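The values are calculated or read from the model by the stated rules, or taken from the named source; none is laboratory data. The shown structure was predicted, so the numbers you read here are calculated from the model rather than taken from an experiment. Backbone-built Cβ (ideal geometry, glycine too); neighbour counts: all protein chains shown. With ligands, DNA and RNA removed, areas are computed over all heavy atoms of the protein, side chains included. Shrake-Rupley method; radii C 1.70, N 1.55, O 1.52, S 1.80 Å.
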Amino acid sequence: MTERTLLIRKIENGTVIDHITAGYALDVLRILGIRGREGNVISIAMNVPSRKLGRKDIVKIEDRELRPEEVDRIALIAPQATINIIRDFAVAEKKRVTLPEVIVGIVKCANPTCISNSNEPVTPQLNVVQRSPLLLRCHYCGTIMEKEDVLKQF
Amino acid sequence: MLKANDFEGRDVISIKDFTREEIDFILKTASRMAPLVEKGSDLLRGKILATLFFEPSTRTRLSFEASMHRLGGSVIGFSQPGVSSVAKGESLADTVRVVENYADVIVIRHPLEGAARLAAEFAQVPVINAGSGSEEHPTQALLDLHTILEAKGRIDGLKIALLGDLRYGRTVHSLAYALSNYDVELFLVSPPQLRMKREVLKDIKGKIQVVEMDDLTPLLQDLDVLYVTRIQKERFPDPLEYEKVKGSYRIDKKLLESGREDLIVMHPLPRITEIAPDVDETPQAWYFKEVRHGLYVRMALLALILGAIK
Ligand SMILES: [Zn+2]
């Protein structure tokens, strides 16, 4: 524990995303649309030794609380991540990311000639075939998507 | 035990939605339809089929229309979206919700993948997929199976090669899925850039033995079924590349001499140059006979889905 606090300081308010799949911290920021120009203090630790995961990444975003739909997005690339909302240096809320069986509306089908990418009144719908490594399949056209195909959209 | 009325009201979107038992049931029903082609029937009298062809296809549309007429039903629809409300930008979801008021079943052909699935979600009446982009063409796969059954008496135990454009050809996607329900050896012969779509491979590998290869020749002497598809020029960024590949996937009478006598050559049609005209007169030529089986299978599907067979 002391080791970790040396790596990243405690934050007063904001969000701590812990247990991110090692090497994916930058992708977590990307999928959240955080580019670093928003002004928030952001600390990143990558490949930190972890008892649970062997290695893991940690991201701390100050003065910003993640919304539930943002938490869902993280599940796509870091299915083991835990999210702590911090208020006044204390954990105010703990959230676990959960990857649902079907992803509705967060990600588009990667096939440009899929009907769900045309002018139809439907929300893209991807079935989770495999959690890790991620494998999604479009409900409409059956196209297979991997983590990289998902990340390209953010 | 499967019963005829288990099919009533069902959509036919992907051949993957059907079990082997269901496919066999449809094929058996199709055989019962054969005599009705000559005799005629009023099994579907008073029923209306709507054909929505957002992409030109004379062959498949005529086959569905003839099937409906042979069973005493009638047909409405369009085959030139350019002159309908679709040209004004109407969504498929809207078109389907209008048309369902006029018809008991809808047949749809659309250039985009997944279109038939979407149409089925919006329609109250059953939807049959007559080709959705490069995705699937399930009724073609059923007629292919029915043809193989007639020629060989069985599907299990056969050595079958699919040749040509396996990446974009929707008929080979559906046929590969359909065949994966049977105990067949499947050879996928194509130029490297037109290999079978990984989605299809993922689903069928593990169910049956699949071998991918570039060249048909070493295979030909053991083969029971050769399914030929067209390689389209547009698929090659470099026209020279196309010219190189084209010749090696062309079937002629001379080539067939190294194959078995009871080999059957199939093709979803239209054929351009991939099967030489001199093959037509050989006993191996089954591609025109297939057309007839299309009628049987589509008659069977329409009758089953509309609950006309109890
Ligand atoms: Zn799709």
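Computed quantities for the displayed model
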| quantity | calculated |
| --- | --- |
| Portion, in percent, of the accessible area of chain B that falls on carbon or sulfur, probe 1.4 Å | 49 percent |
| 5 angstrom amide H check on A:TYR140, placed H, neighbours 5+ away | A:GLN125 |
| GNM top mover of A:ILE34, A:ILE83, A:ILE61 - chain A, alpha-carbon springs below 10 Å | A:ILE34 |
| Assigned charges on the beta-carbon of Lys, Arg, Asp, Glu; chain A dipole about Cα centre (debye) | 420 debye |
| Where GluC sites (Glu not before Pro) fall in DSSP loop in region A:35-89, at most 13 other Cβ within 10 Å | A:GLU38 |
| FRET efficiency, A:SER43 to B:TYR102 (Cβ-Cβ, R0 45 Å, nearest 0.05) | 0.10 |
| Contact order normalised by residue count of region B:77-225, Cα under 8 Å, 6+ apart, percent | 17 percent |
| Solvent-accessible area per residue for the protein assembly as shown (1.4 angstrom probe, square angstrom) | 45 Å² |
| Computed FRET value (nearest 0.05) for A:LEU151 with A:GLU12, which takes r as the C-beta separation and R₀ as 41 Å | 0.85 |
| Chain B: angle of helix B:287-305 to the longest principal axis, Cα-based, in degrees nearest 10 | 30 degrees |
| Value of Rg/Rh across the protein assembly as shown [Cα atoms, Kirkwood radius] | 1.08 |
| Protein accessible area in chain A, 1.4 Å probe - carbon and sulfur % | 49 percent |
| Region B:143-228: relative contact order in percent, alpha carbon pairs under 8 Å with at least 6 residues between | 37 percent |
| Per-bin percent of Cα-Cα distances, chain B [10 Å] | 6, 28, 34, 23, 8, 1 |
| Neighbourhood net charge (13 Å Cβ-Cβ; Lys/Arg +1, Asp/Glu -1) for B:GLY73 | +1 |
| Exercise: per-residue mean of other protein chain Cβ atoms within 10 Å, A:141-147 | 5 |
| Gaussian network model of chain B, springs between alpha carbon atoms under 10 Å - residue of B:GLY259, B:GLY89, B:GLY169 with greatest fluctuation | B:GLY89 |
| Chain A, relative contact order [Cα under 8 Å, separation at least 6], % | 22 percent |
| In the B-A interface, the accessible area buried, summed over both sides, Å² (probe 1.4 Å) | 1600 Å² |
| Chain A, Cα convex hull volume normalised per residue, Å³ | 115 Å³ |
| Assigned charges on the beta-carbon of Lys, Arg, Asp, Glu; the protein assembly as shown dipole about Cα centre (debye) | 900 debye |
| Rounded accessible area of B:ARG235 (nearest 10 Å², 1.4 Å probe) | 90 Å² |
| Reduction of at least 40 Å² in accessible surface, 1.4 Å probe, comparing all protein chains with the chain by itself, residues of region A:95-122 | A:THR113, A:ILE115, A:GLU120, A:PRO121 |
| Globularity ratio of region B:144-245, using Cα Rg and 2.2 N^0.38 Å | 1.07 |
| Long pairs among B:LYS3/B:LYS28; A:LYS60/A:LYS94; B:LYS202/B:LYS233; B:LYS159/B:LYS207; A:LYS10/A:LYS147, criterion Cα-Cα beyond 20 Å | B:LYS202/B:LYS233; A:LYS10/A:LYS147 |
| For chain B, calculated [θ]222 nm from helices alone, where every DSSP H run of n ≥ 4 adds -39500 (n - 2.57) | -11000 deg cm²/dmol |
